[in-house]
Amino acid sequence: MEGNKLTYSSIDDYISTFSPEVQEILQTLREVIKKSAPDAKEKISYQMPTFELHGNLVHFAAYKNHIGFYPGAGGVSAFQSELSAYKGAKGSVQFPIGKPLPYELISRIVAFRVADNIERAKGKSNKKK
């Protein structure tokens, strides 16, 4: 039933629905992303915390046993060897809850996505000229 679906108005709203331990992980992840993409805007997209700059940069979400991190296919493939220790798919990575998140790696992935989105935005604006 669609009526039971949770909707979030902000990232704070999203994070507040989890246990204190998970809230701490999510807040730290949020801060790492903010530092790596200071010009990015926060929003909720696909019912997940999302950062956007010239389009979506990354999403993240908490689940029962992992934190999902979604830097898109380019973000995953560019760091494939470093992410090989984690479950994932074409555009996502699963970081197990109970193990420290690789915040330094996440920071580098976000910085990569920022550069990628800026480059794509430049390409689009050059085509319009």
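Asn65: out of contact with any helix residue (DSSP H, G or I) (no Cβ under 7 Å at 6 or more places or on another chain) and surrounded by 18 or more Cβ atoms within 10 Å (Cβ to Cβ), yes or no?
no
Of these, Lys99, Lys122, Lys90, which one is surrounded by fewer than 17 Cβ atoms within 10 Å (Cβ to Cβ), more than 15 Å from the chain's Cα centre (by Cα), free of Cβ contacts under 8 Å to residues at least 60 places away in the same chain and within 24 Å of Lys43 (Cβ to Cβ)? Spell out how you get there, then give the answer.
Numbers: Lys99 fails: within 24 Å of Lys43 (Cβ to Cβ); Lys90 fails: more than 15 Å from the chain's Cα centre (by Cα).
Result: Lys122 is the single residue among Lys99, Lys122, Lys90 that is surrounded by fewer than 17 Cβ atoms within 10 Å (Cβ to Cβ), more than 15 Å from the chain's Cα centre (by Cα), free of Cβ contacts under 8 Å to residues at least 60 places away in the same chain and within 24 Å of Lys43 (Cβ to Cβ).
Do we find a residue being buried (at least 16 other Cβ atoms within 10 Å of the Cβ) and either within 13 Å of the chain's Cα centre (by Cα) or modelled with pLDDT under 95 (or both) anywhere in the stretch 75-87?
Yes, the stretch 75-87 contains a residue that is buried (at least 16 other Cβ atoms within 10 Å of the Cβ) and either within 13 Å of the chain's Cα centre (by Cα) or modelled with pLDDT under 95 (or both).
Give the residues of the stretch 29-62 that are in a helix (DSSP H, G or I) and surrounded by 13 or more Cβ atoms within 10 Å (Cβ to Cβ), sorted by residue number. So that I can check it myself, show each step before the final result.
We begin by selecting, within the stretch 29-62, every residue in a helix (DSSP H, G or I); these are 29-36.
Residues satisfying the conditions are Leu29, Arg30, Val32, Ile33, Lys34, Ser36.
The values are calculated or read from the model by the stated rules, or taken from the named source; none is laboratory data. All figures in this text were calculated on a predicted structure; none of them were measured in a lab. All Cβ positions, glycine included, derive from the backbone under ideal geometry; neighbour counts span all protein chains shown.
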